[in-house]
Amino acid sequence: MAERLNDLCVRILQLVYLHLLWCVFTMLGLIFFGVGPATYAMYTVQRQWVRGNMEIPIFSTFWQAYRTNIIESSLIGVFYLVVGIILYTDLLYVQSFGLRVLLFIISFLYVISLCFIFPIMVHYEWERTTLKLKCSVLFALSYLQYTLVLLLAVAAIYIVLLMYPGSLMFFGISLASYTIMWLTHQVFMRIEMQAQLKES
């Protein structure tokens, strides 16, 4: 019992540390250009955790991922920030019912793509950014049951965290991103298993 409690405390501290690294490296990139590389690096660490490599050196793994993929992840980060701002602004000011319905559909596709894009980037060694963007939507829609569970889980996490606002300073990003990484990894494993069955 004591050992399990100790392990839980270690995992919590790891999430807090990773959240701190994400905040610092996002600020180093002046937020706009830092959020992409910092998010990519965070998911790189969490992918290792999900795959059972809990004892990896967090800072060196984070820093290695941050600097080796800084260009593509910066562009991806800026792209999603800009599109998100545009969609948010349109939803605030567009009055037409038909256009609002269309915007909600586009916003849903945007959110599910955002949930999948960084896990795809850290899991697959594809060169084409356009392929990663396309698959972020295709995977999410093809395994919609996982995507809906993912969205509900993230929503539940933030509802709980908002009940204790101080916790956002420690887990505001890393807890939700770990949940996303775990669930998207289940999707990737199913895709790979199905591909192997087709080949055999």
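Structure values in brief
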item	result
Highest-MSF residue in the chain out of LEU144, LEU92, LEU114 [GNM, Cα springs under 10 Å]	LEU92
The chain shape via C-alpha gyration tensor axes, a/c threshold 1.5	rounded
The chain, relative contact order in percent, only Cα pairs under 8 angstrom and at least six apart counted	24
Per-residue Cβ neighbour rank within 10 angstrom, fewest leading, SER107, SER142, SER74, SER60	SER60, SER142, SER107, SER74
Listed residues PHE104, PHE188, PHE79, most fluctuating in the chain (Gaussian network, C-alpha, under 10 Å)	PHE104
GNM flexibility winner over the chain from PRO37, PRO119, PRO165 (Cα, springs under 10 Å)	PRO165
Per-residue Cβ neighbour rank within 10 angstrom, fewest leading, ILE157, ILE112	ILE157, ILE112
Proxy reagent accessibility, fewest Cβ within 10 Å first, across LEU175, LEU197, LEU148	LEU197, LEU148, LEU175
The range 35-57 residues near the modelled MET169 label - backbone nitrogen below 19 Å, point 7 Å along Cα→Cβ	none
Candidates per chymotrypsin sites (Phe, Trp or Tyr not before Pro) in the range 1-42, loop by DSSP, up to 15 other Cβ within 10 Å	PHE32
Rotationally averaged projected area of the range 135-185 (alpha carbon convex hull; nm²)	3.4
Axial C-alpha extent at least 18 Å, average Kyte-Doolittle at least 1.0 - helices from the chain (DSSP)	2-28, 70-93, 97-123, 129-142, 144-163
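Since every read-out is calculated from the coordinates, none of them should be taken as a lab result. This structure is a prediction, so every number in the text was calculated from the model and none was measured. Note that each Cβ is placed from the backbone with ideal geometry, even for glycine, and that neighbours are counted across all protein chains shown.
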